[in-house]
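Notes to accompany the following structure.
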């Protein structure tokens, strides 16, 4: 939005001098008339007026214009641009993904781990102002990428994630604890963990609820996502005759994930297909966008230069003409 105003409008009072100048000029011109007694005015009526007579008052007009533009310049016209900066509150987010062998089940397309990666990549693209980190866990856990604003690095490292990178198993407590360790020293206003798993905690030396208690003590919210279809899921098995599929049961500890989310002020979600998984990430994205800071800004630009230039131009023109074309004979 662009506006226009004067920083010192009180200088417009100088325009009150114009009527005074006009009156003074009129009185002065009247005094300069010389009276002559002649028998008739016919000769004067028939004589043509010279251009100097026609434009003599132009000098006074130039002086008035110089005063007008000088007054405008002194009033300091300014153009103002106004707007709002809307920015997120500096959120730090750690994505903690389960990469255990069961994540290769193909009830999500092409499988659970790839579906989780694809949706997470879209989520990262939608959070350009946030620092994002990546933790992976299976039988143990480690930080794949520390918190960073360089989302290209996060995405490249996420694309390289695959099952079998670390010892198999499901150490939910270890994955959560590692994510908490990445966020505990963060100075961000909001700190969030997105924990995705498809199994039951069966490895690691840290209990998931203990890790949740630590997260809660640091004010870290944990959104938990249980991934996998209800019932049985097709799982690829390598055999001497090639890849064959066998159905494996879903062993998701939903009460544990619900408890973690509840204790830390987050929320639990269940993703039984890619569409629901994307909807979950969209909802988390929306929840973490509710905290925004609106800062109004104004930028002023001085516009008096043109008025001052015209004032000087008219004044110089008056002086020049009075000393040349309209110069009085002494």
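The values are calculated or read from the model by the stated rules, or taken from the named source; none is laboratory data. Quick caveat: nothing in here was measured; it's all calculated off a predicted structure. In this analysis, Cβ positions are derived from the backbone assuming ideal geometry, glycine residues included, and neighbour counts consider all displayed protein chains.
Do the conditions hold for residue 188, that is, is it in a loop (DSSP other than H, G, I, E, B) and assigned by TED's automatic domain parsing to the domain that holds residue 147? Can you show your working first?
Details: in a loop (DSSP other than H, G, I, E, B): yes; assigned by TED's automatic domain parsing to the domain that holds residue 147: yes.
The answer is yes for residue 188.
Quick check on this structure: which one of 140, 122, 167 is farther than 23 Å from residue 275 by Cα, surrounded by fewer than 18 Cβ atoms within 10 Å (Cβ to Cβ) and touching a helix residue (DSSP H, G or I) at 6+ places or on another chain (Cβ under 8 Å)? Write out each step before concluding.
On the way: 122 fails: farther than 23 Å from residue 275 by Cα; 167 fails: touching a helix residue (DSSP H, G or I) at 6+ places or on another chain (Cβ under 8 Å).
Sole residue among the options that is farther than 23 Å from residue 275 by Cα, surrounded by fewer than 18 Cβ atoms within 10 Å (Cβ to Cβ) and touching a helix residue (DSSP H, G or I) at 6+ places or on another chain (Cβ under 8 Å): 140.
Can you list residue pairs whose Cβ atoms sit under 9 Å apart, with the first residue in region 84-101 being at positive phi and the second being at pLDDT 55 or above and assigned to a strand (DSSP E or B)? Count only pairs 6 or more apart in sequence or on different chains.
Hits for this filter: 90/131; 90/190.
At pLDDT 85 or above and surrounded by fewer than 17 Cβ atoms within 10 Å (Cβ to Cβ): which single residue out of 158, 149, 134, 46 fits that description? So that I can check it myself, show each step before the final result.
Values: 158 fails: surrounded by fewer than 17 Cβ atoms within 10 Å (Cβ to Cβ); 134 fails: surrounded by fewer than 17 Cβ atoms within 10 Å (Cβ to Cβ); 46 fails: at pLDDT 85 or above.
From the options 158, 149, 134, 46, the qualifying one is 149.
Failed condition for residue 171, given (1) touching a residue at least 60 places away in the same chain (Cβ under 8 Å); (2) within 18 Å of residue 101 (Cβ to Cβ), with all others met?
Residue 171 satisfies every listed condition except (1).
Among the residues of region 247-276, how many are assigned to a strand (DSSP E or B) and either without any contact (Cβ under 8 Å) to a residue 24 or more places away in the chain or under 20 Å from residue 122 (Cβ atoms) (or both)? So that I can check it myself, show each step before the final result.
So the first thing to find is which residues in region 247-276 are assigned to a strand (DSSP E or B), and the list is 247-249, 268-271.
With the extra rule that they be either without any contact (Cβ under 8 Å) to a residue 24 or more places away in the chain or under 20 Å from residue 122 (Cβ atoms) (or both), the set shrinks to 247, 249, 269-271.
Number of matching residues: 5.
Would it be correct to say that residue 219 is surrounded by fewer than 24 Cβ atoms within 10 Å (Cβ to Cβ), in contact (Cβ under 8 Å) with a residue 12 or more places away in the chain, over 40 Å from the mean Cα position of the chain (by Cα) and not in a strand (DSSP E or B)?
Values: surrounded by fewer than 24 Cβ atoms within 10 Å (Cβ to Cβ): yes; in contact (Cβ under 8 Å) with a residue 12 or more places away in the chain: yes; over 40 Å from the mean Cα position of the chain (by Cα): no; not in a strand (DSSP E or B): yes.
No: the conditions fail for residue 219.
If you check 199, 204, 169, which single one turns out to be in a loop (DSSP other than H, G, I, E, B), touching a strand residue (DSSP E or B) at 6+ places or on another chain (Cβ under 8 Å) and on the phi > 0 side of the Ramachandran plot?
Working: 199 fails: on the phi > 0 side of the Ramachandran plot; 169 fails: touching a strand residue (DSSP E or B) at 6+ places or on another chain (Cβ under 8 Å).
The unique qualifying residue is 204.
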